Amino acid sequence: MKWELIYGIVYSAVAVHGVRADASMVTYQVGDLEVHLLVEQQGQGSGSILLGASEGNLNRYIPGGTYQSETNTLLIRSPDRILLVDTGFGGALFDHLTRLGIDPDQVDAVLLTHLHGDHIGGLQTAGKARFPRASVYLAQQEKTYWTETARNRAAVAALAPYGSRVHTFLPAPLGSAEELIPGIRAIAAFGHTPGHTLYQVESKGQKLLIWGDLMHVQDIQFPLPGISVSYDTDPQAAGAIRKQVLDYAVQNKVPIAGMHLRYPGIGTVTAEGEGYRFSPLGGR
């Protein structure tokens, strides 16, 4: 497997496929597939979102009560298609696309992990699709929960410009998911939301598991995966699937990427004590 960090600003900038990028972009090769993790936003989050964390654990893992919060999107480029996994808030994403030499009308599909605003903000503006050729894929359970009862008007508005190009599917459990499109398997990870979906990227025997919002506060949720956050629709289910996915990543040695993991946002997981340890790409 090939790990490649794209540095800039603090470190010397490097070129990848003719593109100069700063420290808000990471590239990882999965067989014939080039995966770019794109940092959308960074800031400080409050430990008050954590559910069931003792004062001792909060002091141990996030002293001061705050943690570095991050929102990421991922772009997958194969020899014959360009895919996005989520669209973040819809800000920095388009700057990243420009740096990569990609026009929004070149994106073939957007795969949604779920319909929270920080994952769908880049889908539309003023009622027009920002990816005019793209199909949009999401779990049927997610679409039903957020749109058919109008729980989330932003979700309805985000999907509306895509019309018949919105495709739903039923994600399958770990180990039994069939390909949604070539090289991509959609995996059920319900709990954060009723249709929260992971995407496993595969090419030439190599894999990367894009796990969406399986985790928000990595400093405490890797060692204590049973701790959920107030954003989770079903905190108990979120904790259970988090443990299951972490076990899968450890046992199968599958690298993971997350929408709220700190830069570089991609790495490997190992068991440590009663919890887990995350080793980010490049050991940073």
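Say we look at the stretch 229-243 and pick out the residues that are surrounded by fewer than 15 Cβ atoms within 10 Å (Cβ to Cβ) and not small (Gly, Ala, Ser); which of these is farthest from Leu209 (Cα to Cα)?
Selected residue: Gln236.
Across the stretch 194-215, what is the total count of residues that are more than 14 Å from Val245 (Cα to Cα) and either buried (at least 24 other Cβ atoms within 10 Å of the Cβ) or among the hydrophobic types (A, V, I, L, M, F, W, C) (or both)?
2
Scan the stretch 214-258 residue by residue and report those that are assigned to a helix (DSSP H, G or I) and among the acidic types (Asp, Glu).
Within the stretch 214-258, Asp219, Asp247 qualify.
Report yes if some residue within the stretch 134-147 is in a helix (DSSP H, G or I), within 20 Å of Thr168 (Cα to Cα) and touching a helix residue (DSSP H, G or I) at 6+ places or on another chain (Cβ under 7 Å); otherwise report no.
For the stretch 134-147, residues in a helix (DSSP H, G or I), within 20 Å of Thr168 (Cα to Cα) and touching a helix residue (DSSP H, G or I) at 6+ places or on another chain (Cβ under 7 Å): present.
With respect to Tyr137, determine if the residue is surrounded by 13 or more Cβ atoms within 10 Å (Cβ to Cβ) and in contact with a His (Cβ under 8 Å, 6 or more places away or on another chain).
Yes; evaluated as a whole, the condition is true for this residue.
Please give the number of the condition Glu274 fails out of (1) at pLDDT 95 or above; (2) over 23 Å from Gln41 (Cα atoms).
Failing condition for Glu274: (1).
Using the structure shown, decide if Ala188 is of a type in the set (A, V, I, L, M, F, W, C), closer than 29 Å to Arg77 by Cβ, at pLDDT 95 or above and surrounded by fewer than 20 Cβ atoms within 10 Å (Cβ to Cβ).
So Ala188 fits the description; yes.
Determine the pairs where a residue that is within 17 Å of Gly163 (Cα to Cα) and touching a residue at least 40 places away in the same chain (Cβ under 8 Å), located within the stretch 103-125, has a partner that is in a strand (DSSP E or B) and among the aromatic types (Phe, Trp, Tyr) with Cβ atoms under 7 Å apart, the partner being 6 or more residues away or on another chain.
Pairs found: Ala109/Tyr137; Leu111/Tyr137; Leu111/Tyr199; Leu112/Tyr137.
Yes or no, residue by residue, for (1) in contact with a Pro (Cβ under 7 Å, 6 or more places away or on another chain); (2) within 17 Å of Val254 (Cβ to Cβ); (3) in contact (Cβ under 8 Å) with a residue 40 or more places away in the chain:
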| site | (1), (2), (3) |
| --- | --- |
| Arg153 | no, no, no |
| Val156 | no, no, no |
| Pro161 | no, no, no |
| Arg165 | no, no, no |
| Gly175 | no, yes, yes |
| Ala188 | yes, yes, yes |
| Ser203 | no, yes, yes |
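The values are calculated or read from the model by the stated rules, or taken from the named source; none is laboratory data. What you see is a predicted model, and the numbers here were worked out from it, not measured in a lab. When we count neighbours, we look across all protein chains shown, and the Cβ atoms used for this are built from the backbone with ideal geometry, even at glycine.
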